[in-house]
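The values are calculated or read from the model by the stated rules, or taken from the named source; none is laboratory data. Because the structure is predicted, anything quoted here is derived from the model rather than measured. Here the Cβ is made from the backbone with ideal geometry for all residues, glycine too, and neighbour counts use every protein chain on show. Surface accessibility is based on the protein's heavy atoms, side chains included, excluding ligands, DNA and RNA. Shrake-Rupley method; radii C 1.70, N 1.55, O 1.52, S 1.80 Å.
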Amino acid sequence: RLRALNRLQVILQHLKMSKQTDSTAEVLLEKKGGAGIITLNRPKALNALNLSMIQQIYPQIKTWEQDPETFLIIIKGTGGKAFCAGGDIRAITEAGKAGDKLLQDFFRGEYRLNNAIGTCKKPYVALIDGITMGGGVGVSIHGHFRVATEKTLFAMPETAIGLFPDVGGGYFLPRLSGKIGYYLALTGCRLKGRDVLKAGIATHFVESEKLPALEKDLIALKSPSKEKIADLLNSYHMKCTVDKEKEFVLDEHMEKINSLFAANSMEEIVKKLKQDGSPFAMKQLETLNKMSPTSLKLTLRQLREGASMSLQDVLRMEYRLSQACMKGHDFYEGVRAVLIDKDQSPKWKPATLEEVSDEFVDNCFKPLGNDDLKL
């Protein structure tokens with residue numbers, strides 16, 4: 001009887017320990033060898049980030065950063081479809097309608113996490129296999145290494161839901177070559193596979209099926225430096241022949257993108273596209289016409305200002321914008337049209353670019369005093 005009791009205690013002890021890597025947890029945080037591993041584990045929700053996941057990941061990164069036995073951090077998603085499709089937009093929408101504090105907490109927590117990744121002293125490797133959008137870009141792009149695969153699908157589609165490409169988009173997008181970042185941000189254009197590497201978003205490209213082997217090799221590295229990690233990633237990258245010969249999807253349009261999206265205002269971009277009149281320009285015009293005019297104006301200014309700011313200043317600016325969007329009309333209408341009713345026909349207010357005044361845009365960028373984001 002005693003032995004049975006002891007055995008039960010041992011089993012309970014084991015269960016308690018394995019709860020940390022419980023397959024039902026929304027995020028798994030574990031240590032393997034010298035690597036801290038973050039696994040986003042909401043496959044049914046395409047690993048979208050919610051506040052509780054953010055609140056678990058942030059302190060863990062800070063702990064691993066200080067730990068002399070942790071040499072690198074790896075982040076990945078489960079389910080095979082998505083690395084992370086974004087933030088938990090539905091929860092934010094419900095909170096906004098209810099006037100809940102989650103609106104501040106979520107963005108504050110998410111941007112602090114983005115900053116922790118951007119300033120992390122330990123090499124940070126994001127395996128961006130599958131859909132990587134919005135918040136998923138935020139937990140990958142600011143790290144040292146981003147490994148894309150043939151299944152990677154990148155986009156910052158926020159202007160279609162009355163938001164703007166946040167999570168540090170104002171920092172990394174204007175730093176991509178030419179005006180690619182402006183183009184991606186305003187149109188929400190999707191990039192697939194090797195194009196994610198060619199656009200400068202990923203640092204390496206590896207076949208999806210090779211990721212488990214790559215992860216194993218990363219874990220097996222003995223007290224690795226950033227250089228050693230880079231060498232290992234390079235060796236996988238060099239061996240990968242998938243779509244190697246394929247031309248970058250935006251290559252033929254780069255000249256147009258660089259001239260058409262170089263304007264100082266949205267009205268000017270629209271005018272240039274109309275004057276250009278090419279099939280490519282007309283297609284972009286059609287896309288921009290579907291987007292929230294307010295979002296387009298906020299986004300263009302966000303990128304123009306962010307181009308010369310530090311990541312920290314960009315995140316502070318974006319926090320101000322996030323709170324302005326939460327008080328407005330277009331975000332809730334965009335989420336309704338795209339995610340809830342799925343009728344894909346949002347009624348934006350104001351409905352045209354001309355009606356979005358400079359004064360309104362200026363107000364969205366104003367400091368929030370004590371409510372500003374503290375990093």
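Springs between Cα atoms under 10 Å define the GNM used for the chain, and in it the highest mean-square fluctuation of SER278, SER208, SER223 occurs at SER278. Projected label points at LYS97 and ASN289, each 7 Å from Cα along the beta carbon direction, are separated by 3.1 nanometres.
Taking the protein heavy atoms of the chain in the context of the full set of protein chains, the accessible area attributed to carbon and sulfur is 53 percent at 1.4 Å.
Normalising by the residue count of region 254-375, find the relative contact order in percent from Cα pairs under 8 Å and 6+ residues apart. About 28 percent, as a whole number.
With contacts taken as Cα pairs under 8 Å and at least 6 residues apart, region 64-135 reaches a relative contact order of 58 percent.
Cross-link reach is defined here as a Cα-Cα straight distance under 12 Å, omitting same-chain residues fewer than 8 places apart; for LYS192 the aspartates and glutamates meeting it are ASP129, GLU150, ASP243.
Hey, in the GNM for the chain with a 10 angstrom Cα cutoff, which one of ASP251, ASP313, ASP330 fluctuates hardest? Comparing ASP251, ASP313, ASP330 in the GNM, the peak value goes to ASP251. Straight distance only, please: which lysines reach the Cα of LYS101 with their own Cα at less than 20 Å, same-chain residues fewer than 8 apart left out? Answer for LYS101, where 20 Å is the Cα cut-off: LYS327, LYS374, listed by chain and number. A Förster distance of 51 Å, applied to the separation of the beta-carbon atoms of ALA262 and LYS32, puts the FRET efficiency at 0.65. Legend: calculated FRET efficiency, ALA25 to PHE280, from the Cβ-Cβ distance at R0 = 41 Å, rounded to 0.05, equals 0.35. Mean separation of Cα pairs under 8 Å and 6 or more residues apart, divided by the residue count, gives the chain a relative contact order of 16 percent.
Taking trypsin sites (Lys or Arg not before Pro) as exposed when their DSSP state is a loop state and no more than 12 other Cβ atoms lie within 10 Å, the longest site-free interval of the chain runs over 122-221.
When P(r) over Cα pairs in 20 Å bins from 0, in percent is calculated for this entry, the matching label among [x] 23, 53, 22, 1; [y] 28, 56, 15, 2, 0; [z] 28, 44, 27, 2 is [y]. Of the beta bridges in the chain, as assigned by DSSP with both residues counted there, near 30 percent are antiparallel.
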